[in-house]
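Read-outs throughout are calculated quantities, based only on the coordinates presented, and are distinct from any laboratory measurement. Note that this is a predicted model, so its numbers are computed, not measured. Backbone-built Cβ (ideal geometry, glycine too); neighbour counts: all protein chains shown.
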Amino acid sequence: MLNRLSIAVVAGGVLAAGLLSLFAMPDQAHAIPAFARKYNVNCTVCHTAPPILNHYGQRFLENGYQLPGTEDGGITGKRKLGDLTLDDVTNYIGFRLVGNVARNWSFKNQNPAGLDPGVVENKTEFTFPEIFVLFAGGTVTKNVGFMIELGHDVEGGGAAVERGFVTFNNIGRHDLLHLRVGKFDPNTFSSYATVRQQLGDIGESVSSSCTAFAPCTLNRVGLAPSAFATKFYGLYDRSGNYLSPFGASLYNSGAEVGVDVHGRPFGDWFLYQVGVVNGANEALGDSNKGKDVYGMVRLDFARSNNFAANVSGFAYIGNSNAKVLSMDDVNWNRYGVSARATYKMIDLYAAFAIDKINKTPASVAGLFDSTASGLTIGADAYVTDRALLSVRYDNLDAGGMLDQRKSTTFIGVQAKYYMRTNIALFVRDDFNIRKSEEGDSAGRNLRNAFFSGIDIVF
C-alpha cells in the first residue's frame, strides 16, 4: 500500500505533467465547450472557473441558454433545414470526464467495532476515470431550450439520466416568467448552486449488508456541503433504501422531476422561483399521491462581472417523502438562506439550512430528534491566472435516531490548476475537525481524505 508520501509524489507528477504541457502548447489552443463554440467566445465569458458561473453566465442560464437581454434562440448559430432552424450538432453536445487519479482515506481505526468488517476503508487506490458525463443542450427555436445530461459512474456501474428538461422562456414579456418541465436541479438559481461548486461531493460508504428498511452501518461519512445534506440518521426512501445523512436531498437534491417557474418581474435586482415536484428521493415517477413544493427569492445587490453580490431565502415543503425505522411516513421540510459575493477573481459563498421532521411517529417518540441544521462557508480565489485555491467549512448538527446520530465538522482545501480553460488538475484534502471527540463512529473515525485528479470538459 502506498503511503502519504507516495501520494504526494503521484500528485506532484500529475501537476508537473500539466506544467510541461502548458509550455508545449500555444495559448491560442484553448478548447471551448458547446455553448462557447456557438457564440465564438471563451468559457470565461460565463464562468469564473468552470463549473462556477459568473453573473453573465447566471443570466444566460436563466434566459434558457440565450444571451442575456435577448431572445436569440431562433437566430444565432442556426442552420435552415426545411421548415426547421437547428444548431450545428457540435453546438449542442459536450462531454465531461472527471475523476481522482489517486485517493487516500485515513482512519484512526480500521474497521472499528460496529462497522462492516468486509469493507476496507483505510487505503490508497487509483480510481481514474470515475465519472463520465454526456450532455446536450441549447435552443431549438426562439425562447425554447433544452438540456439532457447522461451520467455514467465507472466505479459504481450503471448510467442514468441525471437531468433532462425543456424550458419555455420569456412568457408574457421578457424576463417575466421562464418555465421548466422535466428533471432538473431545484436550486439552480439560488445563491449557492450545489452542482456548480469547486469542491464536489464525495460519496459515503454504508454496510454491504443493508436490506430494505433495515438499519445500515455507516462505514464512512460523505463529503458534501452540510447545509444541503440529508442531516437525519434513520431515514429511508419509500422503497426502503437508506438515506445517508450526508447525501444531497430536498431543495438541493441534484435533480427532481416536476415543473418550476422563475423570473425577474421587477427588474434585475429581484429573482423569484416556485416549483412543484413529485417529491424528494423519487425517481421518474411517484410513489404517493402528494407533491412537494418549494419557493425561493433572491436579491441581487450588485450585478457586474467585477463585483456581484446576492442573498437568497428558500423553503421546501415535503409531503410524506421519507420513512423512519418504524416504516412510518414523515413529512420533511427545509428552510434556509444563502449568499454569494464575487470580486474580480475571488468568490465567497455561504448557506445555512434547518430541516424539520413534522409529526414524529409515536413509535419513535423520545428516540428521534426531529430537527437538524447544517452550515457551509466557502471561498475560491485565483492566485495566478491559472491556479485556483478553494476552501470550504462544513458543520452538520445531525438529527434522527438518538442512538445513531453524530454531528460532524470538516474543512476541505483544494488547489486546482487550469492547463486550459476547460482542462484542470487538482489536489484536495478534507480534514475532520471533530476527530479528537469520543467514539469510533464514522463521523469521528475518519481523519482526513486526500485526492488528486483531473477534470476535463470538451
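Quick notes on this one:
- Charge dipole of the chain about the Cα centre (unit charges at C-beta), most positive-ward option of 91, 42, 247: 42
- Contact order relative to length of the chain, as percent, for alpha carbon pairs under 8 angstrom and 6 or more apart: 15
- Between the listed residues 134, 419, 409, the Cα displaced farthest toward the positive end of the dipole of the chain, a dipole computed from Cβ unit charges relative to the Cα centre, is found at 419.
- Each peptide among 297-308, 442-453 gets the average number of other Cβ atoms lying within 10 Å of its residues, and from highest to lowest they stand as 442-453, 297-308.
- Selection from 146, 442, 388, by position along the positive dipole direction of the stretch 4-457 (Cβ): 388
- Cβ distances below 4.7 Å define possible disulfide partners, and in the chain the cysteines left without one are 43, 46.
- Within the chain, helix-based [θ] at 222 nm, where runs of 4 or more DSSP H residues each add -39,500 (n - 2.57), nearest 500: -2500 deg cm²/dmol
- Bridging of residue 231 to aspartates and glutamates at a Cα separation below 16 Å is possible for 201, 204, 355, 369, 394, 397, 403, once same-chain residues fewer than 8 apart are set aside.
- A cut-off of 5 Å between modelled amide H atoms, ignoring neighbours fewer than 5 places along the same chain, links residue 235 with 243.
- Label corresponding to Cα extents along the principal axes in Å when calculated from the structure given, among (1) 67, 47, 43; (2) 62, 46, 45; (3) 65, 55, 41: (3)
- HN-Hα J in Hz across the stretch 181-188 - Karplus 6.51, -1.76, 1.60, θ = phi - 60°, x for Gly and Pro: 9, x, 10, 8, 7, x, 9, 3
- Modelled this way, with points 7 Å down the Cα-to-C-beta line, the labels at residue 413 and residue 431 are 0.6 nm from one another.
- Considering only alpha-carbon pairs that sit under 8 angstrom and 6 or more positions apart, the relative contact order computed for the stretch 272-397 is 16 percent.
- Look at where the Cα atoms of the stretch 304-365 and of the stretch 391-439 average out, and the two centres are 18 Å apart.
- Long-range amide H partners of residue 72 with built H, under 5 Å: 67
- Under 27 Å from residue 142, Cα to Cα: lysines that are on another chain or at least 8 residues apart: 38, 78, 80, 183
- Note on the stretch 4-457: with charges restricted to the Cβ of Lys and Arg (+1) and Asp and Glu (-1), its dipole about the Cα centre is near 580 debye.
- Treating r as the C-beta distance of residue 95 and residue 270 and R0 as 30 Å, the FRET efficiency rounds to 0.25.
- Annotation: amide H-H contacts under 5 Å for residue 318 (H modelled 1.01 Å from N, sequence separation of 5 or more, or interchain): 332, 333, 334.
- Environment charge of residue 111, counting only residues whose C-beta is closer than 15 Å and scoring Lys/Arg +1, Asp/Glu -1: +2
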